[in-house]
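Quick note: the coordinates plus some simple rules give every number you see, no bench work behind them. Keep in mind that what you see is a predicted model, and the values were worked out from it rather than measured. A quick note on method: Cβ atoms are made from the backbone with ideal geometry, for glycine too, and the neighbour counts reach across all protein chains shown.
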Amino acid sequence: MSEAPDPRRHPWRSDLAAASLRGKVPSARYVEGREMRVVCGQSPLRAAPDPGGSFTSEALFGETFTVFEEREGWAWGQLASDGYVGYLAASALGAPGLAPTHRVGALRSYLYPGPDIKVPPLDLLSMNSLVAVEAVEGGFARLAGSGYMTARHLCALPQAENDFVAIAERFVGTPYLWGGRSSLGLDCSALVQMALAACAIACPRDSDMQQNELGEPVDPGRLDEVARGDLIFWRGHVAIAAGAGMLVHANAHHMMVVREPQDAAVARIAAAGLEVRAIRRLFRS
């Protein structure tokens, strides 16, 4: 058997694996998955069924999650959006329902029980959350199942943004959260992923995946030639070149998303023992 695929994006364990991986990974049992929908604003995706364990990623409202096992309040499965595998609280999942028609285009927006901004909201949905709109009534979008949202905060699918750098800059000030993937808190690679997702550009979850799979390589020794929209990689970190000698990134130094001079960031990270290891250009100039 060839080298086993990355378990971050392939649902397999020694005791259980997706039926599609039969013959590709060793496992005691192979099962077909069951598609469900994330029904809360955001839910931590974990490497183990432990509420005290760290996040590996986060699932957003409306995303599809294929469940291969549900046990003791946990669902083990795979997110459809980026293929990431992990454990979600089973309470965060519900029936698939109608296919999404819109995504949240605002940085974040409330979900209300009725078409009234004065009633207590049900939840807070972040950018790129997915919803199925049944009708628009007086500035409110009525969602399938239940709930209302401000219609102007929603973008009809497949409508997309065209400037992912500008989208990333809208997150400036958002707290840094390891494994986070929402406008309430996110990490460096999630900022890249969320900004590209708003532009309908598929992006893997982790920075090592992004370095290997996005764009084309640029000589990492030529930082003076970095162009707006380039991705700059260090070991375990990624930043977005914002043009005019600036970059934007979620980082644990500031503990938030910041826009700062590229030279200052490169020098600070180098002082911590990390040199730029790659630059990837997503778009030809």
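For region 1-56, run through the GluC sites (Glu not before Pro) and keep only the ones in DSSP coil with at most 14 other Cβ atoms within 10 Å of their Cβ. The qualifying sites are Glu3, Glu32.
Between Val165, Val67, Val266, the GNM of the chain built on Cα springs shorter than 10 angstrom shows Val266 fluctuating the most. Using only the Cα atoms of the chain, build the gyration tensor, take square roots of its eigenvalues as a ≥ b ≥ c, and label the shape rounded, prolate or oblate: rounded if a/c is under 1.5, else prolate if a/b is larger than b/c, else oblate. Oblate, since a/c reaches 1.5 and b/c is not below a/b. Evaluated with a Cβ-only charge set (Lys, Arg +1; Asp, Glu -1), the chain carries a dipole of roughly 160 debye about its Cα centre, given to the nearest 20.
Computed 3J(HN,Hα) for region 108-122, one whole-Hz value per residue from the Karplus formula 6.51 cos²θ - 1.76 cosθ + 1.60 where θ = phi - 60°, is 7, 7, 7, 9, 10, x, x, x, 8, 6, 8, 8, x, x, 8, glycine and proline marked x. The calculated FRET efficiency for the pair Ser54 and His253, based on their C-beta separation and a Förster distance of 22 Å, comes to about 0.70.
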